[in-house]
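> Here it is, the structure, as structure tokens.
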Amino acid sequence: MSNAKAEITGLVEELNDHNYRYYILDDPVISDAEYDRKMRRLEELEKQHPEFKSPDSPTLRVGAPPLKVFSTVEHAVPMLSLDNALNKEEIIAFDERIKRALEKSHIEYCCEVKLDGLAIELTYINGYLETGSTRGDGTTGEDVTPNIKTIPVIPLKLQGNSMPERVDIRGEVIMRTPDFKALNQKRSEQGDPPFANPRNAAAGSLRQLDSRITAQRALTFFPYGYGVLSESLGMTHFEIVQQFKSYGFKINSFMRVLDGIDKVIDYHSEMIELRNKLDYEIDGIVVKVNDLTLQKKLGIRSKSPRWAIAYKFPAQQETTRIKDILAQVGRTGAITPVAILEPVNVGGVTVSRATLHNQDEIKRLDAKIGDRVIIQRAGDVIPQIVKVITELRDGTEKPFHFPPLCPVCGKKVEKIEGEVAIRCVNLSCPAQVKERIKHFAAKRAMDIDGLGDKLIEQFVDQGLINDVADLYKLQKKDLLKLERMADKSAENILDAIQESRHRTEDRLLYALGLRFVGEHVARILLKAFSSVEELSKTNKEELTAIREIGPQVADSVVSFFEQPENIKLLHRLRTYGVQTKQLHVPSDDTFSGKTFVFTGTLEQLSRKEAQELVEQKGGRATSSVSTNTDYVVVGANAGSKATKARELGIEIWSENDFLQRAQQS
């Protein structure tokens, strides 16, 4: 039982990190095939042990938070992810679930190729493009409207004389393979690093702060669905997407309506044959129930619709050799074996490293130095080792043994009971120090802009800092001693460090790097305790009394603050001016979990004051009416939002109704 819990916790932490690297940094370090397997394993474990399911599990969410350099857009209808079918048996099982749920013997599907790009939403109001946003975390995305407008195939105004008041058109921004190769050739000539693949190139181009740069990139767009649709455009998914064609969009020519799952399987086989002949990358097909009435009846799960699935292609594979296996030390002291491979081209990308995760994985694979191995990837840079080809061994292969001493600091390593990982327990280990500082400075933690990995390594290697608190006593003269450090760059880094002193208290807790305490758990804890100092004085019983805090997190928190050096570190941070802001906690829960939309002119409150009142009482206010809206508050001259609320059967309040209920606390 404890092994299952530890494995779930490890998978949640690892997959959340991979989500962030994939969706936000555009810098994946894991293949799609490996990610899918880990997600499948996590889903299986959570199904077997629902008591260990974490509130920040990636099985409950989509993607990752938007980049802070962009303003945000809230999706009126969440942009969901898709479940995957990895083989013929699983797509047949999907069809059987659909037929069973609908009590039908035959289903018509709409199928399309699964494009490997960046999902976006285009909001048109009365035919004009108002906003373009990325998927983000599925609920909130990045506002990339200026960049979207540079893509020639996206209409700034929809064609035709009749169109809905509002339509959210969703699709994929991609870069065609010839354009990707030309871009990388140009970057190489200019001395810039090449993009890893077309998807990363498309994502990086769309996230440029200067839209003039985006305009120079050859991006294209294919619509595949919708969010808000203020009036019907058809009775089937295919009809609606074809309607987008009349609006001026280019529709992917491989979208087809297929009668029954056998024809879907044939279509999948056909697309595998065409895959390498296309001038853009695809990694599967998307299968959707075509009838919109049936889609509505089937409904959605927390992160994916029940009426759609991605039927993935087999991962691309190659054979290479393990030249060596190195032990790397992470932030928590965990020692990870990394296979150094003979460089090999897999799907157009040269790969030379692969993580072996832990001792158990090496044992499972029976991997040795010198082995010939099969690796696979699906559009990503770092592959996974699928299989060791033991038949090709000639006796020169050498087993890998975990070092008895840390490869960085030379101190003893330990295997903690109940854990898979072997750890260096020396908190002063330079490798751990560097990784802890990197974590502390990361965007989701204290967000110290400009403090990259190489700079942190210089700080530690030259003895300028020994822990995160030392960052706050750095002076300009210290920075100017470093290689390639200009006067202005030093000032910018010091300004960023200064700004980080005033993050919220939960960000500080997350930045300290307690095991099992991610962003979500840090927020929960800092809603229950006014400061990290107050949290440091608590006990396991008080912690486990908090909803969503289990014994594993409680043990981690208590253990962390029992260490005198951690209390000393917190004290030094405060001494050096890290005076973080208290996390805002709603004053009561009158509107807890409820979503409001305000429309028309309010007489007693401004729109902003009304929205703040909702948040103070545990609810949230959005700008668009959808099926997720609980209440619409109408003022004078209320318009289409009130009309839509009536059509959807959403409860409508007057301003007085709202104020009276807000005072019932």
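> Quick one: Val388 ticks every box in (1) without any contact (Cβ under 8 Å) to a residue 24 or more places away in the chain; (2) touching a helix residue (DSSP H, G or I) at 6+ places or on another chain (Cβ under 7 Å); (3) on the phi > 0 side of the Ramachandran plot except a single one, so which number is it?
Going through (1) without any contact (Cβ under 8 Å) to a residue 24 or more places away in the chain; (2) touching a helix residue (DSSP H, G or I) at 6+ places or on another chain (Cβ under 7 Å); (3) on the phi > 0 side of the Ramachandran plot one by one, Val388 breaks only (3).
> Hey, among Arg507, Arg572, Arg523, Arg547, which residue is in a loop (DSSP other than H, G, I, E, B) and either free of Cβ contacts under 8 Å to residues at least 40 places away in the same chain or of a type outside the set (Val, Ile, Thr) (or both)?
Arg547
> Let me ask something else. Residues that are assigned to a loop (DSSP other than H, G, I, E, B), assigned by TED's automatic domain parsing to the domain that holds Val153 and charged (D, E, K, R): does the stretch 227-237 have at least one?
Yes - at least one qualifying residue is present in the stretch 227-237.
> Name every residue in the stretch 238-271 that is part of a strand (DSSP E or B) and crowded, with 18+ Cβ neighbours inside 10 Å, in order of residue number.
Leu258 - this is the single residue of the stretch 238-271 that is part of a strand (DSSP E or B) and crowded, with 18+ Cβ neighbours inside 10 Å.
> Counting only residues that are assigned to a helix (DSSP H, G or I) and more than 29 Å from Pro178 (Cβ to Cβ), which one in the stretch 277-293 is farthest from the chain's Cα centre (by Cα)?
Thr293
> So, in the stretch 524-543, how many residues would count as being among the hydroxyl-bearing types (Ser, Thr, Tyr) and exposed (fewer than 15 other Cβ atoms within 10 Å of the Cβ)?
1
> Give the residue that is modelled with the highest pLDDT, with candidates limited to residues of the stretch 404-450 that are acidic (Asp, Glu) and outside any loop (DSSP other than H, G, I, E, B).
Looking at residues that are acidic (Asp, Glu) and outside any loop (DSSP other than H, G, I, E, B), I get Glu435.
> Return yes or no: is Thr595 touching a strand residue (DSSP E or B) at 6+ places or on another chain (Cβ under 6 Å) and either buried (at least 19 other Cβ atoms within 10 Å of the Cβ) or aliphatic (A, V, I, L, M) (or both)?
Criteria not met by Thr595.
> Working carefully through the options Asp487, Asp470, Asp495, find the one that is at negative phi, without any contact (Cβ under 8 Å) to a residue 12 or more places away in the chain, surrounded by 17 or more Cβ atoms within 10 Å (Cβ to Cβ) and not hydrophobic (A, V, I, L, M, F, W, C).
Selected residue: Asp470, the only one of Asp487, Asp470, Asp495 that is at negative phi, without any contact (Cβ under 8 Å) to a residue 12 or more places away in the chain, surrounded by 17 or more Cβ atoms within 10 Å (Cβ to Cβ) and not hydrophobic (A, V, I, L, M, F, W, C).
> For the stretch 325-364, what are the residues that are assigned to a loop (DSSP other than H, G, I, E, B) and closer than 30 Å to Pro198 by Cβ?
Gly347, Gly348, Leu356, His357
> Here is a follow-up. Filter the stretch 518-555 down to residues that are hydroxyl-bearing (Ser, Thr, Tyr) and either touching a strand residue (DSSP E or B) at 6+ places or on another chain (Cβ under 7 Å) or farther than 18 Å from Glu505 by Cα (or both), then give me how many there are.
1
> Hey, any hits in the stretch 133-150 for a residue that's surrounded by fewer than 22 Cβ atoms within 10 Å (Cβ to Cβ), of a type in the set (Lys, Arg) and in a strand (DSSP E or B)?
Scanning the stretch 133-150, I find no residue that is surrounded by fewer than 22 Cβ atoms within 10 Å (Cβ to Cβ), of a type in the set (Lys, Arg) and in a strand (DSSP E or B), so the answer is no.
> Output yes when any residue across the stretch 390-403 is among the hydroxyl-bearing types (Ser, Thr, Tyr), at pLDDT below 90 and under 25 Å from Gly284 (Cα atoms), and no when none is.
Among the residues of the stretch 390-403, not one is among the hydroxyl-bearing types (Ser, Thr, Tyr), at pLDDT below 90 and under 25 Å from Gly284 (Cα atoms), which makes the answer no.
> Can you tell me how many residues in the stretch 199-225 are among the hydroxyl-bearing types (Ser, Thr, Tyr) and either part of a loop (DSSP other than H, G, I, E, B) or crowded, with 22+ Cβ neighbours inside 10 Å (or both)?
Result for the stretch 199-225: 2.
> What is the number of the single condition among (1) more than 20 Å from His106 (Cβ to Cβ); (2) part of a helix (DSSP H, G or I); (3) among the basic types (Lys, Arg) that Lys296 does not meet?
(1)
> Find the residue count for the stretch 513-535, including only residues that are touching a Ser or Thr at 6+ places or on another chain (Cβ under 6 Å) and modelled with pLDDT of 90 or more.
1
> I've got another one for you. Can we say Leu274 is touching a strand residue (DSSP E or B) at 6+ places or on another chain (Cβ under 9 Å), in a helix (DSSP H, G or I) and hydrophobic (A, V, I, L, M, F, W, C)?
yes
> Please state which one of Lys641, Lys608 is under 19 Å from Glu165 (Cβ atoms) and among the basic types (Lys, Arg).
Lys641
The values are calculated or read from the model by the stated rules, or taken from the named source; none is laboratory data. The shown structure was predicted, so the numbers you read here are calculated from the model rather than taken from an experiment. Glycine also receives a Cβ, built like all others from the backbone with ideal geometry; neighbour counts cover every protein chain displayed.
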